[in-house]
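Here, each number is a calculation from the coordinates, and none is a lab measurement. Note that the coordinates shown come from a computational prediction; the quantities given were computed from them, not determined experimentally. Cβ: placed from backbone, ideal geometry, glycine included. Neighbour counts: every protein chain shown.
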Amino acid sequence: MKIKNQIIKMLSVVAFAFFANSCDDKDTVDVVKFPTIIESFKNDSNFSVLLKALEVTQLSTTLTNPGSYTIFAPNNTAFAAYSSTLIPAGFLVDANINSTSMSAAQIAELKKILQNHVLGVGTRSNDLLTAGYSKTFAAGVGSTTLSMFVNKVGTDVLVNGGISNGGAKVVFADIDASNGIVHKVDNVIKLPRIVNHVVANPDLASLLSVLSSTATGPYGDQSAVLTTLNGNGPFTVFAPLNTAFDTALAPGGFITGTNATPTNISKILRYHVSNGNLTSSSATSWTSSSATTDVTITTLAATAQQFKITKGTVKITELPVIAVAASNIKFVNIQAANGNIHTVDRVLQPVLP
């Protein structure tokens, strides 16, 4: 019996060793080592201008280091097409991307433009679409950073509304790097202004329609308000969503009858705009937790009409108070280069003649 037990034990050991070796052979996994973001550009000559631009602006170190980043990557053709007051079209080519050919001001502009293509966390395209807005590395007003809007129009994934709005289209998404994600785009993304963000977001299409109205349009000439929002600012816009305009423009709504003259519509629009880059403390409270008073906002409407935001909330009430439910801020801190946008669920109602 003893011998039998010893034989069984020996067989068990042999069997274990066999299966262990067998598993080792079958379960060997080749670990795929992704290049860093910078290495991926070094391996693709179509992105040589982007690589040199990142180097001359000293951003390449960040995108070489461990971490998690997202970069929207324009190719060489896109850079050659870029133009601004400081950088003429055709200038951003390989031969010119260096500290000798470029002035300090040009390098500074290029750096901010590139920062507008980078997010602080590696994000796949589906997650970008879910989020809608993301914050880039580019400085906005004060201590803020610029917002980027990503949405899908048909089969296209657009950044800030696509090329016609100073944005871009994603042409190849979700390229893995060891320190993040690369999305190839067809254009250099310009710094968005307030109107660019309004154009990009389909939930603000009604606001855009009113702002864009000409003398022969349904709301009269609103070009003066549009020009203001394209100015240097900074301005803060409390932007009514499409559903808010649906209610205001419906029979019996606020923007009907004698209220619907071009002059009154201009006043209504300006009542949604304030000077300064006003930011909300959070998505649910305009004020900090220590605030003891409501916040009064002075608008650009004639006679400097005001409204208030109740402390500890994102609820807006007209001043003087009127017999309507408070308007709710639905999305806060959409940062543009010349100001800030907060969407609201009701058209605000100033005092009209």
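Can you tell me how much longer the chain between Thr85 and Ala302 gets when fully stretched, taken as 0.36 nm per residue apart minus their C-alpha distance, in nm with one decimal?
Working: separation 217, 0.36 × 217 = 78.12 nm, distance 3.42 nm.
Answer, rounded to one decimal: 74.7 nm.
Using Cα-Cα distances under 8 Å and only pairs 6 or more residues apart, what relative contact order does the chain have, in percent? The partial results should precede the final answer.
Working: 676 pairs, mean separation 47.6, N = 353.
That works out to 13 percent.
Considering only Cα-Cα distances, which of the following residue pairs are longer than 23 Å: Lys111/Lys135; Lys135/Lys190; Lys135/Lys311; Lys152/Lys190; Lys111/Lys330; Lys135/Lys267? It would help to have the intermediate numbers written out before the result.
Details: Lys111/Lys135 16 Å; Lys135/Lys190 14 Å; Lys135/Lys311 26 Å; Lys152/Lys190 19 Å; Lys111/Lys330 32 Å; Lys135/Lys267 32 Å.
Cα-Cα > 23 Å for Lys135/Lys311; Lys111/Lys330; Lys135/Lys267; rest within.
Calculate the tail of P(r) for the stretch 44-157: the fraction of all Cα-Cα distances greater than 17 Å, expressed in %.
Percentage above 17 Å: 59.
In the chain, what is the volume of the convex hull around the alpha carbon atoms, normalised per residue and reported in Å³?
Working: hull volume 85.5 nm³, N = 353.
Roughly 242 Å³ of hull volume per residue.
Using the basic label-point model (7 angstrom from Cα toward the beta carbon), what is the Ala291 to Asp176 distance in nanometres?
In this crude label model, Ala291 to Asp176 measures out at 4.5 nm.
Along the principal axes of its C-alpha atoms, what lengths does the stretch 195-344 span, in descending order and rounded to whole Å?
So the three principal-axis extents are 50, 36, 29 Å.
In nm, what is the difference between 0.36 nm times the number of residues separating Glu39 and Ala131 and their Cα-Cα distance? Spell out each step's value before the answer.
On the way: separation 92, 0.36 × 92 = 33.12 nm, distance 2.82 nm.
Gain on extension, Glu39 to Ala131, equals 30.3 nm.
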